[in-house]
Structure formats: C-alpha cells, structure tokens
Amino acid sequence: MTRQTQPESGGPREKGAEHSEGSGRPLASVTPGTDGMTEPGDPWAHAGLPREPVRDDRGNIVLAHTPTTREGRPWADLAWRMPHVDAARCADVLCSTLRGWVLSTEDEALGTELIGRGARILRHAHGYSRDLRAAPAPSAWSAPEVPAGLRLTGVERTAEELARLLLVAYPPGHPDCFGWTPTEARQEVAGILAGKVLGPLLPCSGLALDGDKVVGVCLVTLRDGTPPHGGPWVIEVYRHPAPRYAGAGAALLRRALWLATRAELPALSLVVSDGNPARRVYERLGFRHVGASRTLELPT
C-alpha cells in the first residue's frame, strides 16, 4: 500500500518574508514569480517542475524548492540545499522564513538540523519508479492472477465506497494512517477521482471486486513533471486487510503496469512510507528505489 496525497489547490501559494526576533528585518525571503528558476546542481532542475529560491538576508540563495500546498498550508516540496550552504545555517534561514510551512527533502543533514529546531516529522518516505521504456510490463500481466473469487475492473464506483475501504486498509498504527474522519477520507478520494489531487486520473487505475464489494483500489494520476518525481503516479493502492485478499494490490499494480505500457506511458512511480512492508511488493514488480525523503512541519 502506498500513499502520496495532496489537497486540491488553485496553484502554488507564496509566503512573504518573516522577521526574526530582534532583527527588525527579514532573515531571509522567498522569491516569488520565479517558476522555472534553476540553480547549478539542482537535481530537479530538469524535472519539468517550477522551482523557487529561498534567500538569506544578504540575498544569497540557500535552498531551492517546488512550491505547492499540503492540507491548505504552503509546502516546499523537493527542497534542495545549495552545496556551499551549511545545513545549520540553512535551517536557521528556513525556520525564520518558512514558519509553519511543510517541507520535504532528501537532505538528511538539513532534516536533522530542522528537527533539532522543533520541526515535526510528518512522514519518512521512499520513492520508487519502474521505467516502462527500459522494462515494459510483460503481456501476461494483461490478465494477472488474482485471489480466488476476485475480478479486476476499471474505477466505476463512488468516492464513498473507495473511502470506506481506505479507512479499513489504513487503521490507527499503520505507517500510512493519516487519521482522517470518514468525511475527510471521502473528500480526499473524491478529489482524486475528479483530477484535483496530483493531476487527472489515468485509465490504468483499477479496482478489485469480490462480488459487488470493493476490496482493492489502485488510483493512478498524471502528476506534474517527469519521472521519477512526476509523470504517471500511483497516488493510492490499498486493499482490504483480510488474509483472503492478499495479492489483490499486486494484481492491480500488474494490471496498471500493463495498461500503462500499452498506452506508451514512460513510467509508473510512487512513494511509500518507511516501515511499510509493501516496499517488498514494489521491488518484486520491478520498481526501483529512487530516493528517500522526510516531510517536516516547520515550527511557527
């Protein structure tokens, strides 16, 4: 099971400079209107995503990120620290400028410094991607083996049905439990189905049914950017936890990979929380680890 969710947004939100206590001037600032800005060495410079800089009080860039939102708050995604900037100094600038923001980064040193300054860990996740040009799905996956009594279909059910299963699949204590209420879960799924969360829903999405009951879900969207950090994206894959449905998620992924291959999509990518045993399933299906990141809530 995997998660990569983001609430509906009318576009990237920007945050102006915050003042550090006693200084009377900004410690740093976010430079607005710089979509497409890239810095030498930025690993996401060519990912087809907007990039914005964060500057210190001298105007020097300390970090680049992709601006978006998370649960209605500004989110600095894919944050990358400039190589010449000390992690501690960068953390000081971010805690002054991006107060209350959510930030995701693969930079372990920066994450440690931010946590030491009061940032709260929201998620530790691993990115996976299968390159369908180099490793297309085999034709046998056009009709993958499924647990006895199940059948695979397109997504032709309501958000209510899919949300009910989501809450069963992610009980309290699960690495990917967000603590949603039934209403919040329904709103999240409805947003995905409507193409309002990480892009439009793709036809390689599917369901596993036991009779008329939904017991497995795989939702694939077209995320901004290019693989492995964008493009066709498995935003949700989950199943009913009953042992008799073991294998339903893998079957849905095989089907999705086959349909994506047939549609000449370049890849399928996803993220999964650290500690989720589903990582082994993705690896068996040919997904390759492409990085790990922490998502943090910066102190206010």
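Each value in this text was obtained by applying a stated rule to the coordinates, not by laboratory testing. Since the model is a prediction, treat every value here as computed from it, not as a measurement. Cβ placement follows ideal geometry from the backbone for every residue including glycine, while neighbour counts extend to all protein chains displayed.
Observations, loosely collected:
- For the range 237-300, the convex hull drawn through the C-alpha positions has a volume of 138 cubic angstrom per residue.
- Euclidean distance of C-alpha centroids, the range 149-166 and the range 199-260, integer Å: 11 Å
- Gaussian network model of the chain, Cα within-10 Å springs - most flexible of Gly231, Gly41, Gly216: Gly41
- Debye equation applied to the C-alpha atoms of the range 41-196, log10 I(q)/I(0) at 0.10, 0.11, 0.19 Å⁻¹: -0.56, -0.66, -1.24
- Evaluated at q = 0.06, 0.14 Å⁻¹: base-10 log I(q)/I(0), Debye formula over Cα of the chain: -0.21, -1.02
- The mean sequence distance of close C-alpha pairs (under 8 Å, at least 6 residues apart), as a share of the length of the range 54-173, puts its relative contact order at 16 percent.
- Convex hull (Cα only) mean projected area of the range 184-255, reported in nm² to one decimal: 5.4 nm²
- Short to long, the 5 Å bins of the Cα pair-distance histogram for the range 222-271 hold 5, 20, 25, 22, 14, 9, 5, 1 percent of all pairs.
- Over the range 78-159, equivalent-ellipsoid semi-axes from the Cα gyration tensor in Å: 43, 18, 11
- Protection proxy ranking, peptides 283-293, 148-158, average beta carbon neighbours within 10 Å, highest first: 283-293, 148-158
- You can think of it this way: the chain between Glu108 and Val290 has 64.0 nm of extra reach, that is 0.36 nm per residue less the Cα-Cα gap.
- At least 20 Å along the helix axis (C-alpha) and Kyte average at least 0.5, DSSP helices within the chain: 248-262
- Cα gyration tensor, the range 105-219 - rounded (a/c under 1.5), prolate or oblate: oblate
- Cα-based Rg of the range 176-219 normalised by 2.2 N^0.38 Å, two decimals: 1.28
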